[in-house]
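Engineer: Sharing a structure here in structure tokens format.
Bear in mind these aren't lab numbers, they're just calculated from the coordinates by the rules spelled out. Computed from a prediction, not measured in an experiment: that's the story for all the values here. Heads up, the Cβs are rebuilt from the backbone with ideal geometry, glycines too, and the neighbour counts pull from every protein chain shown.
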Amino acid sequence: MHNVLSLIDRKHILVFALIIFVVWSCSDVQKRPKPDKLLSQDKMVNIYTDMLILDGVYRTNPKKFETYGLEPTEHIYNKFDIDSLTLAQNMSYYNLDFEVNSEIYEQVQKNIEAKKQILDSISQVKDSLKRLEREAKKPKLKDSIPLSKKIMKAD
């Protein structure tokens, strides 16, 4: 019986030691230093929004990009005046801060939803204009009874 208790105590001690080790090793995690060219959260939101839109368009129709010689990543670098190292450092920096990163992605989601609503509205207007155009092109049926005869019959 004493050996069984001794074995259980050893397991508890081992588990306790393991927990202490994990907690101790995690407590020494240092925040990543700020990048040399720290981008604002708003700029990161805009970059991520454009990246997601470009990625969606590229996955839908990659030949358009090839036809026009467009490179999505180069477009991002040029538009926001950054290089790949600056983007990578800022992405790593913001990814380590869960709260800020969540805020960024929530705003990106709102931006994409707003842009989607705008595109849907434009699409509805275009559809309405096409319908009106088709209706205008249809030949109008002329009434075979002259207006003066209609008035006489009504009396």
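Engineer: Okay, which of segment 58-93 sit inside 11 Å, backbone N to the point 7 Å along the Cα-Cβ direction of Q109?
Structural biologist: none
Engineer: Looking at this model, which pairs from K64/K115; K115/K137; K34/K64 are more than 31 angstrom apart at the alpha-carbon?
Structural biologist: On the way: K64/K115 21 Å; K115/K137 33 Å; K34/K64 38 Å.
Flagged as over cut-off: K115/K137; K34/K64.
Engineer: Round to the nearest 0.05 the FRET efficiency obtained for M51 and D127 when R0 = 35 Å and r is the Cβ-Cβ distance. Walk me through the intermediate numbers first.
Structural biologist: Values: r = 30 Å, r/R0 = 0.85.
That pair, M51 with D127, gives E of 0.75.
Engineer: Give me the distance in nm between label points sitting 7 Å out from Cα along the Cα-to-Cβ direction at K37 and R134, one decimal.
Structural biologist: Those two pseudo-labels are separated by 5.1 nm.
Engineer: Also, quick follow-up: Using the Karplus curve 6.51 cos²θ - 1.76 cosθ + 1.60 with θ = phi - 60°, what ³J(HN,Hα) values do you get for each residue of segment 101-106, in whole Hz, with x for Gly and Pro?
Structural biologist: So the Karplus estimates, Gly and Pro as x, are 4, 5, 4, 4, 5, 5 Hz.
Engineer: Over all alpha-carbon pairs in segment 38-132, figure out the percentage whose distance exceeds 19 Å. Don't skip to the answer; put the middle values down first.
Structural biologist: Working: 2388 of 4465 pairs.
Tail fraction, whole percent: 53.
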